[in-house]
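Novice: Take this structure first; my questions come after.
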Amino acid sequence: MSKIVRMVTEDPRMSNIVIHGGVVYISGQVDMTQDDTAGQAKGILAKIDDLLAKAGTDKKSLLTAQIWLKEIDRDFVAMNEVWNAWLDPENKPVRATVQANMAKPNILVEIQVTAAASCSPSGDDGQAK
């Protein structure tokens, strides 16, 4: 059985990246530096790009995406415009988008993804050691 690799663990409650069995799990990401849905989505996707790179993979390897919106009727179109511009159209993940109560009032969007490990930090094909 392969080892579980945990990265970006400064948060006392969770790791931002976990790699196991050739899969990269990225924790739910938010961006509280922007006040609008599009701005928050752009910031979140930039964080996801960075976290995927730290895990040795990228958005072309996405498997799943879960998106939570504070107000789906208001925020869905703006978030999708940013998502569509960011996404590799040849490598779309499965995705679910729902409305949710957020942890803080100014959070409008949260995104969590999983991806295939192109190569793990240990330098192999995603089977962390």
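Novice: Do we have residue 83 as aromatic (Phe, Trp, Tyr) and either in contact with a Gly (Cβ under 7 Å, 6 or more places away or on another chain) or part of a strand (DSSP E or B) (or both) here?
Specialist: No.
Novice: Follow-up. Specify the residue that is farthest from residue 86 (Cα to Cα); the eligible residues are those in region 1-52 that are part of a strand (DSSP E or B) and hydrophobic (A, V, I, L, M, F, W, C).
Specialist: 5
Novice: I need the full set of residues from region 28-53 which are touching a residue at least 60 places away in the same chain (Cβ under 8 Å) and surrounded by fewer than 18 Cβ atoms within 10 Å (Cβ to Cβ), in order please. Steps first, please.
Specialist: Of all residues in region 28-53, those touching a residue at least 60 places away in the same chain (Cβ under 8 Å) come to 28-32, 35-37, 40-41, 44-45, 48, 52.
Answer for region 28-53, where residues must be touching a residue at least 60 places away in the same chain (Cβ under 8 Å) and surrounded by fewer than 18 Cβ atoms within 10 Å (Cβ to Cβ): 28, 32, 35, 36.
Novice: Would you say residue 27 is modelled with pLDDT of 95 or more, among the small types (Gly, Ala, Ser) and closer than 25 Å to residue 12 by Cα?
Specialist: Judged against the criteria, residue 27 is a match.
Novice: Further question on the same structure: For region 74-87, does any single residue satisfy the condition of being surrounded by fewer than 16 Cβ atoms within 10 Å (Cβ to Cβ), of a type outside the set (Val, Ile, Thr), modelled with pLDDT of 95 or more and closer than 19 Å to residue 27 by Cα?
Specialist: There is at least one residue in region 74-87 that is surrounded by fewer than 16 Cβ atoms within 10 Å (Cβ to Cβ), of a type outside the set (Val, Ile, Thr), modelled with pLDDT of 95 or more and closer than 19 Å to residue 27 by Cα.
Novice: Another question, if that's okay. Quick check on my filter: what residues within region 89-99 are more than 12 Å from residue 63 (Cα to Cα) and part of a loop (DSSP other than H, G, I, E, B)?
Specialist: Those that are more than 12 Å from residue 63 (Cα to Cα) and part of a loop (DSSP other than H, G, I, E, B): 89, 90.
Novice: Under 8 Å by Cβ, and 6 or more places apart or on different chains, what pairs join a residue from region 65-76 that is in a loop (DSSP other than H, G, I, E, B) with one that is surrounded by 21 or more Cβ atoms within 10 Å (Cβ to Cβ)?
Specialist: Once the first residue is in a loop (DSSP other than H, G, I, E, B) and sits in region 65-76, its partners that are surrounded by 21 or more Cβ atoms within 10 Å (Cβ to Cβ) give 70/108; 70/109; 71/108.
The values are calculated or read from the model by the stated rules, or taken from the named source; none is laboratory data. What you see is a predicted model; the values in this text were computed from it and never measured. Glycine also receives a Cβ, built like all others from the backbone with ideal geometry; neighbour counts cover every protein chain displayed.
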